[in-house]
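The values are calculated or read from the model by the stated rules, or taken from the named source; none is laboratory data. In this text, all values refer to a predicted model and were calculated from it rather than measured experimentally. All Cβ positions, glycine included, derive from the backbone under ideal geometry; neighbour counts span all protein chains shown.
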Amino acid sequence: MNRISKLMRDGRSLILAYDQGLEHGPTDFDGRNVDPSYVVKIAREGGFDAFVAQKGVAENYYMGEKVPLLLKLNGKTAIYGKDPVARQNCSVEYAAKLGATAVGYTIYIGSAYEGEMMAEFGRIQEQAHERGMPAVLWIYPRGEFVKNDVTREMVAYAARAGMELGADAVKIKYSGDAESFAWAVKSAGKTPVYMAGGPKASTEEEFLRHVSDCIRAGAAGVAVGRNAWQSDDPMRTARRLNAIVIGRKPLEEALGIA
């Protein structure tokens, strides 16, 4: 908790993710948000507690911003088979040189390659801790034998596995309701749990309802990407998210914020 508190305000945090360019290709982008400078500005002015990026974006667009950098150290493309694997592409040492406050890594539990990713994260976690840096784990069930990755059991398994592997915080998918997500939070023990923002919701109210449910279930915050920088009004979305996550405001009150 002492390490991850670097990314928190009063025990909560709001994280803006922009690692989708590698993970999904240009599918998620339009003429505005295809420019990393546009999204960095949202992170800087929207009251976010961390900005997530791969090293290429950090090298070229993160210019000593006040918002802490959470650098992703692995990744993959969307062109993969039934068993995904994301291998390390940046060192903890280089992340520190780029000014990162924390590092992030993705593991796909259930993949035939989960052991490789677990071993790699183990080394990264130890190297990060030697520098006093938190190691945040994106952890998702994927693979041939994973039929539904958002069941109560699967989401809780992901949260528990992240805690067992020594993550300072885990980012998991929303399970669909507050009760089942609360079980995932409990399964993670002392490890803070963040809801993954996921694809653009059909409406902003729907997305904010999910965020509110997760916060009520005990989540430490949300790592949002497309539902923020794909918004028609990203700053308004950021204000509403801050109200729910940091301000602990009810959904109805947050929706009234212009």
Study note, to complete from the structure: For the range 100-118 the number of residues that are outside any helix (DSSP H, G or I) and in contact (Cβ under 8 Å) with a residue 40 or more places away in the chain is 6
Practice item. Would you mention how many residues in the range 231-248 are of a type outside the set (Ser, Thr, Tyr), in a loop (DSSP other than H, G, I, E, B) and crowded, with 18+ Cβ neighbours inside 10 Å? Key: 1
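Yes/no matrix, rows are residues, columns are (1) closer than 24 Å to Tyr38 by Cβ; (2) in contact (Cβ under 8 Å) with a residue 60 or more places away in the chain; (3) aliphatic (A, V, I, L, M):
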site	(1), (2), (3)
Ala159	no, no, yes
Gly162	no, no, no
Asp168	no, yes, no
Lys173	no, no, no
Lys186	no, no, no
Asp213	no, no, no
Glu252	no, no, no
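Select, from Tyr140, Tyr157, the only residue that is more than 21 Å from Met8 (Cα to Cα), in a helix (DSSP H, G or I) and of a type in the set (Phe, Trp, Tyr).
Details: Tyr140 fails: in a helix (DSSP H, G or I).
Just a single option satisfies the conditions, and that option is Tyr157.
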Study note, to complete from the structure: Selection from the range 34-83 of residues among the basic types (Lys, Arg) and within 18 Å of Thr101 (Cβ to Cβ) yields Arg44, Lys55, Lys66, Lys72
Exercise for review: Only one of these is out of contact with any strand residue (DSSP E or B) (no Cβ under 9 Å at 6 or more places or on another chain), among the aliphatic types (A, V, I, L, M) and buried (at least 16 other Cβ atoms within 10 Å of the Cβ): Ala167, Ala161, Ala178. Name it.
Suggested key: Ala178
Exercise for review: Out of the residues in the range 82-98 that are within 23 Å of Met8 (Cα to Cα) and either touching a Pro at 6+ places or on another chain (Cβ under 9 Å) or hydrophobic (A, V, I, L, M, F, W, C) (or both), state the one that is surrounded by the most Cβ atoms within 10 Å (Cβ to Cβ).
Suggested key: Ala95
Study note, to complete from the structure: Pairing a residue in the range 7-20 that is buried (at least 23 other Cβ atoms within 10 Å of the Cβ) with any residue that is among the aliphatic types (A, V, I, L, M) and assigned to a loop (DSSP other than H, G, I, E, B), where Cβ atoms lie under 7 Å and the two sit 6 or more apart in sequence or on different chains, gives Ser13/Ala220; Leu14/Ile246
**Study point:** Residues that are in contact with a strand residue (DSSP E or B) (Cβ under 8 Å, 6 or more places away or on another chain), part of a loop (DSSP other than H, G, I, E, B) and of a type in the set (S, T, N, Q), drawn from the range 61-94
**Key:** Asn89
Check your understanding: Under 7 Å by Cβ, and 6 or more places apart or on different chains, what pairs join a residue from the range 41-65 that is modelled with pLDDT of 95 or more with one that is in a helix (DSSP H, G or I) and of a type in the set (S, T, N, Q)?
Key -> Gly47/Asn242; Tyr61/Ser37
Study note, to complete from the structure: Of the residues in the range 1-34, those that are assigned to a loop (DSSP other than H, G, I, E, B), in contact with a helix residue (DSSP H, G or I) (Cβ under 9 Å, 6 or more places away or on another chain) and of a type in the set (A, V, I, L, M, F, W, C) come to Phe29, Val34
Exercise for review: Taking the options Ile79, Ile107, Ile42, name whichever one is closer than 24 Å to Met163 by Cα and either in contact with a Phe, Trp or Tyr (Cβ under 7 Å, 6 or more places away or on another chain) or loosely packed, with under 14 Cβ neighbours inside 10 Å (or both).
Suggested key: Ile107
Check your understanding: Which pairs do you get when a residue that is closer than 13 Å to Phe51 by Cα, found in the range 225-239, comes within reach of a residue that is outside any loop (DSSP other than H, G, I, E, B) and of a type in the set (Phe, Trp, Tyr), reach meaning Cβ atoms under 7 angstrom, with the pair 6+ apart or on two chains?
Key -> none
Practice item. Would you check if there is a residue in the range 185-195 being in a helix (DSSP H, G or I), touching a strand residue (DSSP E or B) at 6+ places or on another chain (Cβ under 9 Å) and either modelled with pLDDT under 95 or within 21 Å of Asp49 (Cα to Cα) (or both)? Key: yes
